[in-house]
Amino acid sequence: MNGHLLLEILVAAIGAGTPFVYAALGELVTEKSGVLNLGVEGMMLVGAICGFIGMAKTGSLLVAVLAGMGAGMAMALIFGVLTLTLMANQVASGLALTIFGVGLSAFLGLTYTSIALPGVPALPIPWLSDIPVLGPLLFSHDILIYGSILLYAAISGFLYRTRAGLILRGLGEAPESAHALGYNVIGIRYLAVLFGGAMAGLAGVYLSVAYTPMWVEGMTAGRGWVSLALVVFATWRPSRVMLGAYLFGGITILQFHIQGFGIDIPSQLLSMLPYLATIAVLVLISRNRQTIRLHSPASLGIPYHPQS
Amino acid sequence: MTPRLQLEGMTKVYPSVTACDRIDLSIMPGEIHAVLGENGAGKSTLMKMIYGVIRPDAGHILWNGEPVVIRNPAHARRLGIGMVFQHFSLFETLTVTENIALAMDGRCRADRLAGRIRTVSEQYGLPLDPNRLVHSLSVGIRQRVEIIRCLLQEPKLLIMDEPTSVLTPQAVRTMFDTLRRLADEGCSILYISHKLDEIMALCHRATIIRGGRVTGTADPAGETAASLARMMTGHDLPRCAQDRPAPGTQPCLEIHRLSRKAEDQFGTDLDDISLTVNRGEILGIAGISGNGQQELLRVLSGEQRLDTPETITINGQPAAHLGPAERRGLGLAFVPEERIGRGAVPGLSLTENVVLTAHRMGMVRHGLLCMERAAAYARNCVRSFAVRCGSINDPVNSLSGGNMQKFITGREILQNPALLIASQPTWGVDVGAANVIRQAIIGLRNRGTAVLVISEELDELFEICDRLVVIAGGRLTPPVPVAATDREEIGLWMGGMFPDRPAVPQEAGHA
Amino acid sequence: MLRIEARPGPSKTMRYLSPLIAALLMLVSGLVIFTLLGKDPGRAFHAFFVEPVNDLYGIGELLIKASPLMLIGTGLAVGFRASIWNIGAEGQLTVGAICGGTVAIWLAQVQAGWLLPLMILCGGLGGMLWAAIPALLRTRFHANEILVSLMLNYVAILLLALLVHGPLRDPEGYGFPQSILFGEAATLPVLVEGTRLHAGVLVSLAGVLAGWILLEKSFLGYQIRVAGLAGRAADYAGFDRSRLIWTGMLAGGLAAGIAGVLEVAGPIGQLIDSVSPGYGYAAIIVAFVGRLHPGGIVLASLLMALLYLGGESGQMNLDLPAAVTGIFQGLLLFYLLAADFLINYRLVPGRRATGGRQ
């Protein structure tokens, strides 16, 4: 494989990995607060169609982004009300959210299936983008990809350098203790859930507006679920989320390139790759129970309600 | 002088119970004031109202003579109220500094805070290493974290909820010194306990609560344990009838040189443990929680199996490789420490909970359940152990703590075990129920069963046991007959100062 | 002003009432959605919920759709009761259809009565095999069964596509991605003249009955319940937890696999690249709405089947988008989860909205 092709694949992997970055970092924050939202796939789909509609109607990327994030948050709010206020089972509520999101997005997208959008132009950063290898790899992307990298920096800083991040981590660790110290557990969890929804929505917008600028029913194709697996794979650490996201971006891209090499493998087998890879990394990381125990928020998935 | 804190008519009503009913209380600056009452009397609810965790349904709080409504714990801390919780409010995977930072309301730099933690903790004789992760600390040290966290705020009122259950008798004295010093500096202390001797040793005044109401105030120095107990429970303290027969000599449970690394990195390694429990005797294991009791119990119950069958024998049968169900087949019965979620299944009825361990008493035929038999067993258990419940079809979690413990203990004892292991059999249980349970254990012993009791309550162990051992740092002392020892010696052992053996490395603050 | 208050104990009445409240709220939401879409709500309601079942043929269709839902729902309930979240029924159904269908295609010449039972057996084994993967990875490596079983859904559907585009494609099918039509002996007989109602419904009902005995009457069912309610109590009692995980996963796989065979041997009659309109996911809702109880699951499966039929009927008669069905399904589960709040809490008139909680 020559260097040129490798670079091309790496650049493409960053693009393909970006939806995972947004969705998995959002879910990471949600889970750090102790809430497991399995509805990422549903929030992503609704975000994708709402962003798409926003873009199709106004032509403004900003509107598309806001619409997608808003839709993701609205979906997350339903989840929040069910699990945080009404103390419903988080697994069941997350599944319901996905089932609902699949239906709702298909419904909203009915009249948009035959429209193609112009896509989002690349925004090479002056000078930096001229650096060989690093230029095309890091500094010649569209604004949503830059945004995802900024998001990573922001979340890492937030979690480990700020007091609010410390509160969030403590809350996911021991909600009773946080409550006893006077923190509003439910309120903070709402914020974390809404943030996760906004990021899942944004991941959807990236898919439908920038990555493949069109709307296809169920176009996320399990990316929301893969994002959930990525959070586990990353053992709840942002830097490893990035690693995993681009790894999976690479696997997604690889299936097209293998066909491009003229290797005769049925396309369905290649399409299975990301799903099989997800299972493989889950098994690898889960084998060591201690690692998971040490890094996962101790109250993850357990409903908490303060008595007063 | 104006009282530091004055409560008038504090009331908190829950759907099923009035936790606090028009409670009045006042405490002066520099006063150590005991709040004395049984488990479930309403002490903790009252304290949480003062600390702003729970909102009262009625009543007033006067702080330095001024009426206040304490909105939340942060507000309470701003007023100068600090609280050390019975069940610690710590975050295990964070460091000591981070834990303390979470309770400091103002912004503070981590390095400056660490310095202050070092200074203040040494100043009060409770040294702490600010950089340690909390899960790596022993229970006693964790309590220090809680206390230092309060002291850094320079409180005017310190609330301490059952603080001595995690300390050896010697460490209790150190803490009392700290508390007296604080009081001399003008800090008021609300001291919640059900241990009468402690209150008589430490407190200036006492308010006694029973069933959510104040039943009296007293000067503890002028009272006896018996008179305080009468105010607390409404009657004289029951004593167990002991009529000890000669203790048996035939071994029932034998542990041979058990060593095991903790499976959990937060746990304690078991180090060369050997022990024999004979038929017709009660052997007690004393120790502060977190010294290997959980790990030992999991190995004894079969929840954790070993590859070396001979390490544990029950009536001579190798058992260490067997699971809980198979060990029960050898005559083991087990009352675990956690009632709800381990000893009993929440959401299932009393009848259904009988099936959990007593299913071998003819309740399963051809793989199908025979619920009539389970119901008969449950009725028998409720009658024999005076379990107060609406009906045997009620969910088990509708029982009070004491009744649930009577039910679980009854379920195990009615299986006529050859060996009973009971962990914290009366923890958090009211005096009446505790007495029923202790008496039942003694009765079982008198019928020839071997009994192993693990408890943090020295009083209880001295009351019912024939022999005692102490567990500290995952190691066991040799057994000693109860009559041949006293609390002072056991207390030293609990602190790791074993007889004739090098001391267990002490986990001090590493300051 | 209403205020929320914890009940002293969970309410039995609300446990039964809450699915009904959820169904009612879903119907009300339906009226609102129809109105928003500019349809006459009365007519739309009629077209969606009444027309599909106002004749014998319609009732037959309802039972055809309810059949896989009740069977899979019961199988999933076994796992859900043990807190084993098998959400891979869609894939298990697909693999069941592949296995049973392959038998029918290979033995196309056979005209014997044992062919159908053999297909059902192979389909059930196929579903169990597919469910065994997450069970194995969970018990051996602690891998999350939710994510693994879900990923396998995509893999199974791609596998089916691969087969009907390749080895199992009908050589005389003009290149369409479908197998040959199954023979007479590989097709489920119709039960009632004038409908498509086939014998698969009886198999499903037998499955529900077996599920009822397992869940409600057996000691194994008791152990499953304990493991789901309090895992540490199950350990304390010495119940073998990995055996319970296997039981929960395999029961779901078996049920879904058989349901898959019944689909291809019944209404479809051949292998095509899409054998299920999301039954595997809908059955999750059925299991919850049915309170994880086989009796309730039968009722819930009828309601869900009606939603499928209503979606088709609304599309044909009123030009309602078929996607409305998915929205209704999601809403139904939302409402159920919300209404379940009333099992442990109640609303009482009072002065403070926060009441017993903060």
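Any read-out appearing in this document is the output of simple, stated calculations on the displayed coordinates, not a laboratory observation. Predicted, not measured: the structure shown is a model, and the values here were computed from it. All Cβ positions, glycine included, derive from the backbone under ideal geometry; neighbour counts span all protein chains shown.
Before moving on, here are some points about what is shown:
- Amide H partners (placed H, <5 Å) of C:Leu197, local residues excluded: C:Leu191, C:Val192
- Number of partner chain Cβ atoms within 10 Å, mean per residue of C:226-234: 6
- Note that segment B:339-416 shows a convex hull volume over its alpha carbon atoms of 79 Å³ per residue.
- Inter-chain neighbour count for B:388-401: the average number of beta-carbon atoms from partner chains within 10 Å of each residue's beta-carbon is 1.
- Cα convex hull, segment C:9-146: 211 Å³ per residue, rounded to a whole number.
- Working note: Cα gyration tensor of segment B:1-97, eigenvalues times five, square-rooted, sorted largest first, giving semi-axes of 22, 19, 14 Å.
- Given A:Lys57/C:Lys39; C:Lys39/C:Lys65; C:Lys12/C:Lys65, the pairs whose alpha carbons are separated by over 28 Å: C:Lys12/C:Lys65
- Pairwise centroid distance, computed over Cα atoms, of segment A:66-86 with segment A:97-148, Å: 23 Å
- Table column - 3J(HN,Hα) (Hz), segment B:386-401, Karplus curve with 6.51, -1.76, 1.60, x for Gly and Pro: 6, 7, 8, 8, x, 7, 6, 8, 6, x, 5, 6, 7, 7, 6, x
- Global form of segment A:180-253, assessed from the alpha-carbon gyration tensor, a/c cut-off 1.5: oblate
- Rounded to the nearest 5, the antiparallel percentage of DSSP beta bridges internal to segment B:136-229 is 50%.
- Burial ranking of peptide ranges B:386-395, B:405-414 (average Cβ count within 10 Å, highest at the top): B:405-414, B:386-395
- Cross-link pairs beyond the 20 Å C-alpha cut-off, checked among B:Lys43/B:Lys406; B:Lys48/B:Lys406; B:Lys48/B:Lys156; A:Lys32/B:Lys261: B:Lys43/B:Lys406; B:Lys48/B:Lys406; A:Lys32/B:Lys261
- Among the residues of B:329-340, the average count of other protein chain beta-carbon atoms within 10 Å of the residue beta-carbon is 1.
- Inter-part distance where segment B:263-338 and segment C:21-82 are each reduced to a Cα centre, Å: 55 Å
- Student exercise, the protein assembly as shown dipole from Lys, Arg, Asp, Glu Cβ charges, in Debye to nearest 20: 1560 debye
- Order of B:Lys156, C:Lys217 - criterion: other Cβ atoms within 10 Å of each residue's Cβ, fewest first: C:Lys217, B:Lys156
- Inter-centroid distance (Cα atoms) of segment B:400-468 relative to segment C:216-284, Å: 41 Å
- For the peptides A:285-291, C:306-312, the ranking by mean Cβ contacts within 10 Å, running from highest to lowest, is C:306-312, A:285-291.
- As a proxy for reagent exposure, ranking B:Met83, C:Met70, B:Met1, B:Met28 by other Cβ atoms within 10 Å from fewest up yields B:Met1, B:Met28, B:Met83, C:Met70.
- Shape category assigned to the protein assembly as shown from the gyration tensor of Cα positions, a/c cut at 1.5: prolate
- Mean projected area (nm²) of the alpha-carbon convex hull when segment B:5-233 is viewed from all directions: 12.2 nm²
- Shape category assigned to chain C from the gyration tensor of Cα positions, a/c cut at 1.5: oblate
- Radius of gyration and Dmax over the Cα atoms of chain B, both given in Å: 23.9, 77
- Take every DSSP beta bridge whose two residues both sit in segment B:5-233; close to 50 percent of them are antiparallel.
- When each of the peptides C:118-127, B:465-474, B:125-134 is scored by how many other beta carbons lie within 10 Å of its residues on average, the order from highest to lowest is C:118-127, B:465-474, B:125-134.
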